[in-house]
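The values are calculated or read from the model by the stated rules, or taken from the named source; none is laboratory data. Keep in mind that what you see is a predicted model, and the values were worked out from it rather than measured. Cβ sites come from the backbone with ideal geometry, for glycine too, and all protein chains shown count toward neighbours. Areas reflect the complete protein model, heavy atoms only, side chains present, ligands, DNA and RNA absent. Shrake-Rupley method; radii C 1.70, N 1.55, O 1.52, S 1.80 Å.
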Amino acid sequence: MSFEPSELADDAVPIVFQHGEDDADVAAWRPRFCQGCTFPPAIFTSVMANLVKNPNINSSLLFRADVLHDHEGGQSGAVPPELAHNSPKIPSFHGFELQRYIIRRLVPRNPQVDRPIDQTCLRYEKKLPADDDHCHDKDNNGVEWTLVVYLPHVSSEAEMPFYHPKVQGIAFMHEWTAAESRGAISISYQFFDGSDYSAVKLKRTAYQLLKVIYKHGQGRVAGYQKRVHHDVMIPQARVQNTYTALKQKYARALITGWAESTDPEKHVFEDLGIAAFMIELWADMYKTTPFPGFVDIGCGNGLLVYILNQEGFKGWGFDARVRKSWAAYNTVGQQPDGGDSLQQLVLLPPPVSRAGILEISSDDFAEELTHDGHFPKDTFIISNHADELTPWTPILAAMSDCPFIMIPCCSHNLTGARQRAPPPKDKNKAESGYASLVQWVSEIAKDCGWEVEQEMLRIPSTRNTALVGRTKQPGFDFSSLDIHAIVDRYGGTAGYLEAVVKLAKKCAAPAAQKTTEH
């Protein structure tokens, strides 16, 4: 069944009937669209509960909803006084009983442009006898109605922010005939006095709101299960609040002063998002202990290092190539020896054979410009789209007993050569190239003794899977780990030294040379 809703005329018979103070029907709800469906009340209720908590599904201008009050049952519950004085009166609908009362705060993505508003969300249910005056189906055995109503806490159109339809209320009705396994959903508006009922924007919004409900409900009937789970490690509100603060503090200046040839907004907003996650992750990890410092391997343009340094987190990063932006982002004294926060170094870890290194010309290769991958114990290792260094990340972390985060991007093996990672052994996992890479590097981390946690970051990138190793597997001792055996198990390092020499020679150009980013 495709989504082809019927548009209802402005003077159509109301679907939702609200009681007035004298117990008479008030036909103040005007239906906009209705659509047949095959999902039952339980799915409709679940879909609506998810949409109440995640209004960002319907609007890219919203971050989320903060639930301020949630009460199950026929009453409103003990509404906090600071909310009660501004909350609309709970409406009564013919034949319906209130089942759930929620007050949520809609949090906009850009609070400098749009203000948050509170909104009451109500769920009602009813089963009517066959002789009910408002029953459209006189043989309604097994018919159920579920009604969800949104009431914004505003008194006029002028108070409504841009991201919300300029209406007093929105009502979603679900009707279900169990004996026939068929149903219908509809959307109705309660307009402000003097509103234009036929406004194109309001009709378009109603269409889209109903379409989302239909899509999610039919998807669940078809067996769809959500694969991507956000906010597993850190609550959504904490990361988004920190992100908003960072964006307001840094975004404009960073975009204006962008020195690279790449898209400034993508890179700035992406790294601000990663920094927000890191800051909140570290807030949990280091509640009672001093922050141990960080190192960003394959740091690219150095922006993430710069933001974290500016926020008071001491650390540094290195990359094989100097970037133009380093001139603005580099600071002194951010690493243990007091050196620069951004350094040109090539990784040459111990598992790589040094055989033949003495015969290499110093013009082609300077060993002092390499790093052996050993860091002070507990240093937090960041590997953000580090490409060739991604599969090395959990190995380096185990070598030095350091926690880590890696955000895989392009797939390379341990020699630095491009490869397509083997597909996951678990057939329930996706078999895309990126999913295979994520699974492959996760297996390396597990074999190195890490408990691997996964988080899907809210950043403007399709490469947004973060793998975090902050705890060891129970009873695991890194000192007993055979690093060479792990490296051999995942393909070995034959050709790595040659690749490093070639890369070092290629990247020996002066810092002012125009380069591209990872």
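Just a few scattered comments:
- Label-point separation, Asp337 to Ala12 (7 Å along Cα→Cβ), nm: 7.3
- Structure note, pairs Lys287/Lys377; Lys446/Lys472; Lys215/Lys425; Lys425/Lys472: Cα-Cα distances above 20 angstrom occur for Lys215/Lys425; Lys425/Lys472.
- DSSP beta bridge pairing in the chain, given as percent antiparallel to the nearest 5: 80
- Building the convex hull from the alpha-carbon atoms of region 1-126 and averaging its projection over directions returns 9.9 nm².
- Amide H within-cut-off set for His69, under 5 Å, with H built and near neighbours excluded: Ile103
- Here the chain has 50 percent of its accessible surface on carbon and sulfur atoms, given a 1.4 Å probe and all protein chains in place.
- Principal axes of region 336-491: Cα extent on each, largest first, Å: 50, 34, 33
- Our summary of shape: the Cα atoms of region 154-277 have principal axis extents of 62, 44, 28 Å, ordered from largest down, in whole angstrom.
- Entry comment: accessible area of the chain is 47 Å² per residue, from protein heavy atoms only and a probe of 1.4 Å.
- Per residue Cα convex hull volume in Å³ - calculated over region 294-368: 103
- The three principal axes of the Cα atoms in the chain give end-to-end lengths of 96, 46, 42 Å, sorted in falling order.
- Available extension along the chain between Asp401 and Ile357 is 13.1 nm, counting 0.36 nm per residue and deducting the alpha carbon span.
- Viscosity 0.692 mPa s, 37 °C: Kirkwood-radius Stokes-Einstein D of region 403-462 over Cα pairs, µm²/s: 261
- The local environment of Gln236, defined by Cβ-Cβ distances under 9 Å, has a net charge of +2 under the rule Lys, Arg +1 and Asp, Glu -1.
- Take every DSSP beta bridge whose two residues both sit in region 282-387; close to 10 percent of them are antiparallel.
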